Amino acid sequence: MRSARDRFTYEYGAQPLHLLAVVASLLLCGYGLLRIENLDNSLRIVVWIVACALFHDVIALPLYSALLRIARIPAGAALKTRAMTVHAYNHIRVPVGFSLVLLLVYLPLILRLAPDEYMGTTGRSVDVYLGRWLLLSAAGFLVSAIAYAITLRRGVPVPDASRPPASSEPGEAPPVGRGWRIGSRIVLAMTGLAVLWVAAALVVGLLTTGFSP
Amino acid sequence: MSRLEKLGELVSEEEDARRPPAPDPPGIGPFRREFWRSPLRGQWLTSFFGSMMLPFFAIAALTGFLSHAAYNPGLGANDLSGGFDVDLYFFDWPTQPVWLYSLTQSLHVIAGFAVIPILLAKLWSVIPRLFERPPVRSLAHSLERLSVLLLVGTSIFLLVTGVINVEYWLAPLGFSFLPAHYYAAMVFLGALALHLVLKLPVAAAAFRREGAFRPLGEGIDRMRATDPEVDDLASPDPHEPTISRRGLIAIVGGGSLALAVMTSGSNLLGSVREIALLSPRGQTGGPAGPGDFQVNKTAEQAGVARAMGGPGWRLKLRGGSEDVDLDRDGLLAMQQHTERLPIACVEGWTTWQTWTGVRLADLAALAGAADGANLLVESLQEAGAFRQATLAANQIGDERSLLALKVNGEDLTLDHGFPARVIVPALPGVHNTKWVSRMTFSEAA
């Protein structure tokens, strides 16, 4: 029997369990697609789904990929110059990214794409959002600029020259050290703050409303 | 050997000795592996982003199905999904706690908004796979790629349709939002299940290799590039890093947190709500007075004019032992009750107000409705999916369920449903029918 299984694996490209998992998954997907097919304008929905994947991979990804790649370290630069370059780039592209994500997520409001619908549904004007987005973006750049100024004043930390640069051959993993402990504490603290914030918002909401006589 | 490793062996693609690896055709552009030069890419980063996303998608899926249940799709014309023929719901949606729908639905929308930056980062981290060569290695591989297309397409589709639905920009859709979002979620979950089975072992191996959290401790000058021999996402020719992996994760996480805060803000009270600066329902202020709170669909848009609820208006109670017609004074002459209840919208926002009016249970008794009857509530609004809604017996029976005539001590404004509107605890917002004209009780339980 072993040879039959080998034969299957050879022809199919993976073990039988893979095929079982794939078939089970595609059947569920198929059911969803079948229901979509019964809806009005079903073709449009399917086109939308495929277009979402294509739009992301062909248009959106090169855009934000460029944002990450825009920073290039001058070849052969001194350590100090390299560190300066990194800081300058990051203090620009982080607020740019922040602003672009907000624009992406709130595009219909910021660009007033459906002002009548918004007014008809909410009874309010959609005009406030462009200004709010500009202000939030400005705040992002301001915070970044202040952080950059502080960094410059303190002096840009220069990496340890005795350490091989990060892009060299992969070596042994450094032992778990102070960096890891600090990093994990930062993550824990951020998570804790987020949980606290949500909890506080819920408690405030309930105290002021849910338990009224 | 751990269980995950075992699973990994059973579902991973086989490298068969009898089938030599396809010779690499000379690639161009992104089809060359060397094209991708970020030192951050690697299985660890992708696995980390994937693990970050999982709870968000789990919350969104669970609360999404709960929201469908909250509409009591088994009753009347409540089901807008186009007839889901497998009924998953064996319970009547409860009326307790009153903020139940506010909680589940705001979680749904918060999770959806918060996952957007993480999904973008995850897709960025894994993009070299799109250009892998050869494009199809085997039948197994081609099925996997088909499933990934569905996964990426539906995940973006769900987020895009969800976002533009809550921001009222429906023109580009050209189809009905609700059933498309609902069934696309089913396709998404099917593809996600396979992705988890195939990729959990890969992620577990990456975490074992590099330490689940250790790269978080590595700043830009300590960061080690991953071995491209072991890790097919790692660049064989990486640039010098200009940001650390933990730096990227912090930025993505920060963006996610900002969107979560902004989105949850539109469930808060008073001026705190303004932290939802860009959320469609964060705006407060406006014409002062007792009717100054969030409106869902103005009277103008619904086509309801003040005169329709004027002196000639009668509430028609039907389906009981006798037909009863009541004018507004007649309703005001009945025993009035005051309750503080939320309107929680499917779009993920909430507003709490103090409502005064007649208990639905009192109206049922007045009309002589049968025990356990359902109630079809119809509006003066002439068209639209939500000009009517059917309430279940437990919702009519709850003593906090009102046909409200006043809000915050004064007559309802026209936008909020004058002359009378339904308000039921934990009911999705649009089922609290405004401008009520007729209430029809079903014959029996």
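Of note:
- Condition check for B:PRO238: part of a loop (DSSP other than H, G, I, E, B) and outside the structural domain of B:GLU34 (by TED's automatic domain parsing): no
- Residue that is farthest from A:MET84 (Cα to Cα) [pool: residues in region B:213-233 that are touching a Phe, Trp or Tyr at 6+ places or on another chain (Cβ under 9 Å) and touching a residue at least 12 places away in the same chain (Cβ under 8 Å)]: B:ASP231
- Lone qualifier among B:THR433, B:THR440 - being under 30 Å from B:PHE113 (Cα atoms), touching a residue at least 24 places away in the same chain (Cβ under 8 Å) and not hydrophobic (A, V, I, L, M, F, W, C): B:THR433
- Single residue of region A:136-161 satisfying the filter (within 11 Å of chain B (Cβ to nearest Cβ) and not in a helix (DSSP H, G or I)) that is modelled with the highest pLDDT: A:PRO157
- A single member of B:LEU143, B:LEU151, B:LEU158 is in contact with a helix residue (DSSP H, G or I) (Cβ under 8 Å, 6 or more places away or on another chain) and at the interface with chain A (Cβ under 8 Å from one of its Cβ atoms), and it is B:LEU143.
- Selection from region B:166-177 of residues that are surrounded by fewer than 19 Cβ atoms within 10 Å (Cβ to Cβ) and of a type outside the set (Phe, Trp, Tyr): B:LEU170, B:ALA171, B:PRO172, B:LEU173, B:GLY174, B:SER176
- Taken together, the residues in region A:1-44 that are touching a Pro at 6+ places or on another chain (Cβ under 9 Å), in a helix (DSSP H, G or I), among the hydrophobic types (A, V, I, L, M, F, W, C) and at the interface with chain B (Cβ under 8 Å from one of its Cβ atoms) amount to 1.
- Residue check, B:LEU130 touching a helix residue (DSSP H, G or I) at 6+ places or on another chain (Cβ under 7 Å), outside any loop (DSSP other than H, G, I, E, B), surrounded by fewer than 22 Cβ atoms within 10 Å (Cβ to Cβ) and not hydroxyl-bearing (Ser, Thr, Tyr): yes
- Subset of region B:383-413 [small (Gly, Ala, Ser) and out of contact with any helix residue (DSSP H, G or I) (no Cβ under 8 Å at 6 or more places or on another chain)]: B:ALA383, B:ALA385, B:ALA392, B:ALA393, B:ALA404, B:GLY409
- Going through (1) assigned to a helix (DSSP H, G or I); (2) within 26 Å of A:VAL58 (Cβ to Cβ); (3) touching a helix residue (DSSP H, G or I) at 6+ places or on another chain (Cβ under 8 Å) one by one, B:PRO172 falls short only on (1).
- Just one residue in the set B:SER125, B:SER81, B:SER51 is assigned by TED's automatic domain parsing to the domain that holds B:PRO238, polar (S, T, N, Q) and in contact with a Lys or Arg (Cβ under 6 Å, 6 or more places away or on another chain); that residue is B:SER125.
The values are calculated or read from the model by the stated rules, or taken from the named source; none is laboratory data. These numbers were taken from a predicted model, which means no experiment stands behind them. No Cβ is skipped: glycine too gets one built from the backbone with ideal geometry, and neighbour counts run over all protein chains shown.
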